[in-house]
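The values are calculated or read from the model by the stated rules, or taken from the named source; none is laboratory data. These figures come from a predicted structure and were not determined experimentally. Cβ placement follows ideal geometry from the backbone for every residue including glycine, while neighbour counts extend to all protein chains displayed.
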Amino acid sequence: MAFEGIGASVRRTEDQRFLSGRGNYTDDINRPGQLYAIIRRSDRPHARIVSIDTKAAAEMPGVVAVYTGTDLQADNVGGLPCGWLIKNKDGTPMAEPPHPVLAVGKVRHVGDPLAVVIAETRQQAKDAAEKLAIEWQDLPSISSTQDAIAPGAALVHDDVEGNVCYDWHLGDKEAVDAAFAKAARVVRLDLTNSRLIPNAMEPRAAIGDFDRATGEHTLFTTSQNPHVIRLLMGAFVLHIPESHLRVVAPDVGGGFGSKIYHYAEEAIVTWAAGKLGRPVKWTAERTESFISDAHGRDHVTTAEMAIDKDGNYLALRVKTLANMGAYLSTFATSIPTYLYATLLAGVYKTPAIYAEVKAVFTNTVPVDAYRGAGRPEAAYLLERLTDVIAHDTGLDRVALRRQNLIPANAFPYQTPVALQYDSGNYQATLESALKAADWNGFPARRAAAAAKGKLRGIGISTYIEACGIAPSAVAGALGARAGLYEAANIRVHPTGSVSVFTGSHSHGQGHETTFAQLVADQLGIPFNQVEIVHGDTEKIPFGMGTYGSRSLAVGGSAMVKAMDKIIAKGKRIAAHLMEASVADIEFKNGSFSVAGTDKSKSFGEIALTAYVPHNYPIDELEPGLEENAFYDPKNFTFPAGCMVAEVEIDRDTGVPSVVSFVAVDDVGRLINPMIVEGQVHGGVAQGIGQALLESATYDVSGQIVTGSFMDYTMPRSDNLPSFKTGNEVTLCTHNPLGVKGCGELGTIGSPPAIVNAVIDALSEYDVRHIDMPLSPQKIWSIVAAGPKRKAAE
Amino acid sequence: MPQVALTVNGKKVTVDVEGRTLLVELLREKLGLTGTHVGCDTSQCGACVIHLDGASVKSCTMLALQAAGRSVTTIEGLAKSDGTLHPMQEMFREHHALQCGFCTPGMVMSAIDLVQSHPEGLSEQQIRHGLEGNLCRCTGYHNIVKAIAAAWPLMHGKTMPAAAE
Ligand code: FES
Ligand code: FES
């Protein structure tokens, strides 16, 4: 049998069903007697709802019900809650305006849901939704981040003054001011981090079902974390106790953060199914996804680095305006604070950092975590700033990075922005990436490109990521309204096969494979004897789901804890069977043996004994072999690495193409290297998308300009190169597996590497910075303006 | 309601459809063949690609009635009856060319047509161009390109000639 344990690139278990068309995604499910819901959404960015006349719609063929926000309000349906309370600089709580499931009184962005039509067929519901007669009174709207705080700006929420959700800060302002006062030089950069649309290929969908006999509600939904949805929707929105609410997230077709949040449609179908006593299904059309899935990023930032005469970083000062959109999505408020400002040390030993973050409301789709969430914004800022420092001072950009890296012997390393890095070796990833990319051979490649009439550039970026946000107590003190542990249940069956029930949930990461490898390895049983069960609140004890690259570091650790309990119980059974003392029993490679003897019992024999307890220490030990564990991490994990990109620019068209891309990452121990590599590829592709192609754009009137795949440029296969990846390994010191996480690093490290490469390609034009996406138009206009002579420094 | 008769995965079927019913709706909703997916409403993602008389087609861009008398193959119809996967399916698995699996059926159907229609061989660039109509948000395409290159020799029964760039 091929090695299938920890470290093997085992081919994925889930692929068999996905490849043969037997995946089971939410929209593939149909319930008997099912009705279809179509949501009528606002096409206005900001307007008062004068009236909604539902009569004509209700009379259309097949229509069963039409509901508006007032119907839900009358039935005591609550608003969508926000999961993280941020406090202002002065200690007062953030502004937290209501987020109704269906708009009441006002709509606040294009796509804001305001009515639902439920009919026998989808087409009938669609036809009827068009018959809703809505009388509007348009209001002035805010479509850009900066406009939100302009004097006299329209108010998105009437009682949120100046559109400010919070005004927060982190770090030691005095220390930073003092360092700036004596710095040899200060380098400043203004930049934006563009707004993105996650666009998982599976559109969101939800089916509400209601069992009239038992009064139980079931929600099938495209979710990364069904337990969180059950908790939020049950407790805050629909007031259904956990015992009567089951949430099932079957196969999930990508999420990248966008399927973490509790969305209005989930509450609508669950509530309507209860009202009507029939299942109600809603599936987003892609156009709807563009205006209802949470968007990502959207920061406007000023960053300043104080340096000494040799380029050593003395202090960093950052001021960021973060767009929340029209309402607070579930975890929106934590992203530009605890997942962004806390990462501003990066891999550098900058001794003093001060960040101010102002979060604002605008008439746009709510913004929340999208792959990387806060950490890409921090890495982009640092790595662009580092290249700009090199540009302004004439220092070498690689040397500048080398000299400012946190040394490998400095761990654990306390940053000035609250985090403590447990392990890492940033020199190793940097040097290894430079080597893999043949950094030193670049001039020859540039010359060869020039001979073909192309501009070639090379760019580098380092990054750090914080995964598996934790511990619960610390996060709670900072405003988190949830725990951040993960749960696992390990059920050993009488035959020795094992079912693992995990609160983590795969939306493409291959958990059915990686987790089975982990459990098979630790219990010494064959890989195919392990079944992974996830995505159903009725089967899994509890869970916080999958986000922030936490599943292995937190969910996997919970499994290890549960397995430790299984092994401990197994030892007691084995000791009884072999008439030895428990202390003398060793467990290795799937067998329990008595130390120093040749007596042993296999894992299967112990399992059988536990369920057929004829010869069993029944007075001291319960029969059965099944254990639960909750794991609350002691700290974040800190994957880090270095990426190097090379681009070529066509002078005539300004089209940039990525011709080479290297990523060398430290993700701790690798369980399945093939899957890790796939995660890096996917993340890098999305990062290249942000750097060169993607941007969610609103026009001044508040309409979204990039509202379909025709306008929103998703990376296609011919926009991307093949990637070179590598690993350096330092183990996480505080979880039992030494793992760190790998889901988001691609989107964190790659945008600055690409932008730095493009700016390098344009070096003869002396460009200091261009905001993403680096479209052919932006590049072409620089090339067309002709080379600039460098100003004398 | 009009009726349409066609062959799907080798079986003859006759189904009542509305004039406006799309082929993908017929497959997913009337025949329960949910392996064919819908990822967009502007004919751009390729999640819905099937074979119509052997050629790849976006089933969201066609009315069900237009498929009258034609032969449709979906992802469910690729494997042999004993469960043996098509070489393209096999290579997708071998090279980790799928993550969430949502784009996969369309991707596999497009890839098979691409390989079949290039008996002279395929370069990496040709594969990348050939996949322009299929979006994948998970894999970054790297492993999909590898899988298709690996499937070519299996499907053509010979090693791939060094293709013209
Ligand atoms: S569903 Fe997107 S192209 Fe057919
Ligand atoms: S595997 Fe998820 S979209 Fe391609």
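A few points about this structure:
- Subset of the stretch B:79-102 that is within 7 Å of another protein chain (Cβ to nearest Cβ) and crowded, with 24+ Cβ neighbours inside 10 Å - its residue that is farthest from B:Leu22 (Cα to Cα): B:His96
- Contact map, the stretch B:27-39: residues that are within 8 Å of another protein chain (Cβ to nearest Cβ) and free of Cβ contacts under 8 Å to residues at least 12 places away in the same chain paired with residues that are within 16 Å of ligand 2 (Cβ to nearest atom) and part of a helix (DSSP H, G or I), Cβ distance under 7 Å, separation 6+ or inter-chain. Pairs shown: B:Thr34/A:Asp28.
- Some residue of the stretch B:43-56 being within 21 Å of B:Leu23 (Cβ to Cβ), in the same structural domain as B:Cys136 (by TED's automatic domain parsing) and either more than 16 Å from ligand 1 (Cβ to nearest atom) or not in a helix (DSSP H, G or I) (or both): no
- Only one entry in A:Gly641, A:Gly683, A:Gly707, A:Gly668 is small (Gly, Ala, Ser), within 16 Å of ligand 2 (Cβ to nearest atom) and either within 11 Å of chain B (Cβ to nearest Cβ) or buried (at least 24 other Cβ atoms within 10 Å of the Cβ) (or both), namely A:Gly683.
- Residues that are within 16 Å of ligand 2 (Cβ to nearest atom) and at negative phi, drawn from the stretch A:197-206: A:Ile197, A:Pro198, A:Ala200, A:Met201, A:Glu202, A:Pro203, A:Arg204, A:Ala205
- In the stretch A:6-59, the residues that are assigned to a loop (DSSP other than H, G, I, E, B) and away from chain B (no Cβ under 14 Å): A:Ile6, A:Gly7, A:Gly33, A:Ser42, A:Asp43, A:Arg44, A:Pro45, A:His46, A:Thr54, A:Glu59
- Only a single item in (1) within 25 Å of A:Pro471 (Cβ to Cβ); (2) free of Cβ contacts under 8 Å to residues at least 24 places away in the same chain is not met by A:Lys599, and it is number (1).
- Qualifying position, being surrounded by fewer than 24 Cβ atoms within 10 Å (Cβ to Cβ) and closer than 24 Å to A:Asn163 by Cα, among A:Lys319, A:Lys275, A:Lys309: A:Lys319
- Residue within the stretch B:61-78 that is within 16 Å of ligand 2 (Cβ to nearest atom), closer than 18 Å to B:Glu132 by Cβ and more than 8 Å from chain A (Cβ to nearest Cβ) present: no
- Among the residues of the stretch B:125-148, those that are among the charged types (D, E, K, R) and either at the interface with chain A (Cβ under 7 Å from one of its Cβ atoms) or within 16 Å of ligand 1 (Cβ to nearest atom) (or both) comprise B:Arg128, B:Glu132, B:Arg137.
- Failed item in (1) of a type in the set (D, E, K, R); (2) buried (at least 21 other Cβ atoms within 10 Å of the Cβ); (3) in a helix (DSSP H, G or I), with A:Arg371 passing the rest: (3)
- Output for the stretch A:572-589, where each listed residue is within 13 Å of A:Leu523 (Cβ to Cβ) and surrounded by 19 or more Cβ atoms within 10 Å (Cβ to Cβ): A:Phe587
- Of all residues making up the stretch B:75-96, the number that are small (Gly, Ala, Ser) and part of a helix (DSSP H, G or I): 1
- Consider the stretch A:503-559 and keep the residues that are of a type in the set (A, V, I, L, M) and in contact with a His (Cβ under 9 Å, 6 or more places away or on another chain). The one that is farthest from A:Glu4 (Cα to Cα) is A:Met544.
- Within the stretch A:38-61, being among the polar types (S, T, N, Q) and more than 20 Å from A:Ser143 (Cα to Cα) holds for A:Ser51, A:Thr54.
- Enumeration of residues in the stretch B:103-116 that are near ligand 2 (Cβ under 10 Å from one of its atoms) and either more than 11 Å from chain A (Cβ to nearest Cβ) or within 16 Å of A:Glu512 (Cβ to Cβ) (or both): B:Thr104
- Scan of the stretch B:94-110 for residues that are within 14 Å of ligand 1 (Cβ to nearest atom), touching a helix residue (DSSP H, G or I) at 6+ places or on another chain (Cβ under 7 Å) and hydrophobic (A, V, I, L, M, F, W, C), ordered by number: B:Met107, B:Met109
- Residues of the stretch B:20-34 that are among the hydrophobic types (A, V, I, L, M, F, W, C), within 13 Å of ligand 1 (Cβ to nearest atom) and within 14 Å of A:Arg122 (Cα to Cα): B:Leu22 alone.
- Out of A:Ala410, A:Ala418, A:Ala390, A:Ala428, sole residue that is part of a loop (DSSP other than H, G, I, E, B), over 22 Å from the mean Cα position of the chain (by Cα) and surrounded by fewer than 22 Cβ atoms within 10 Å (Cβ to Cβ): A:Ala410
- Some residue of the stretch B:5-19 being farther than 20 Å from A:Asn30 by Cα, more than 8 Å from chain A (Cβ to nearest Cβ), among the hydroxyl-bearing types (Ser, Thr, Tyr) and part of a loop (DSSP other than H, G, I, E, B): no
- Matching residues in the stretch A:484-519 - criterion: being under 17 Å from A:Ile606 (Cβ atoms) and surrounded by 23 or more Cβ atoms within 10 Å (Cβ to Cβ): A:Ile490, A:Val492, A:Val498, A:Val519
- From the options A:Thr192, A:Thr283, A:Thr218, residue that is within 16 Å of ligand 1 (Cβ to nearest atom) and either assigned by TED's automatic domain parsing to the domain that holds A:Asp711 or surrounded by fewer than 24 Cβ atoms within 10 Å (Cβ to Cβ) (or both): A:Thr283
- Test: residue in the stretch A:67-84 that is under 23 Å from A:Ala115 (Cβ atoms), within 14 Å of another protein chain (Cβ to nearest Cβ), part of a loop (DSSP other than H, G, I, E, B) and out of contact with any His (no Cβ under 6 Å at 6 or more places or on another chain): no
- When the residues of the stretch B:62-74 are filtered to those that are within 14 Å of B:Gly19 (Cα to Cα) and part of a loop (DSSP other than H, G, I, E, B), the one that is nearest to ligand 1 (Cβ to nearest atom) is B:Met62.
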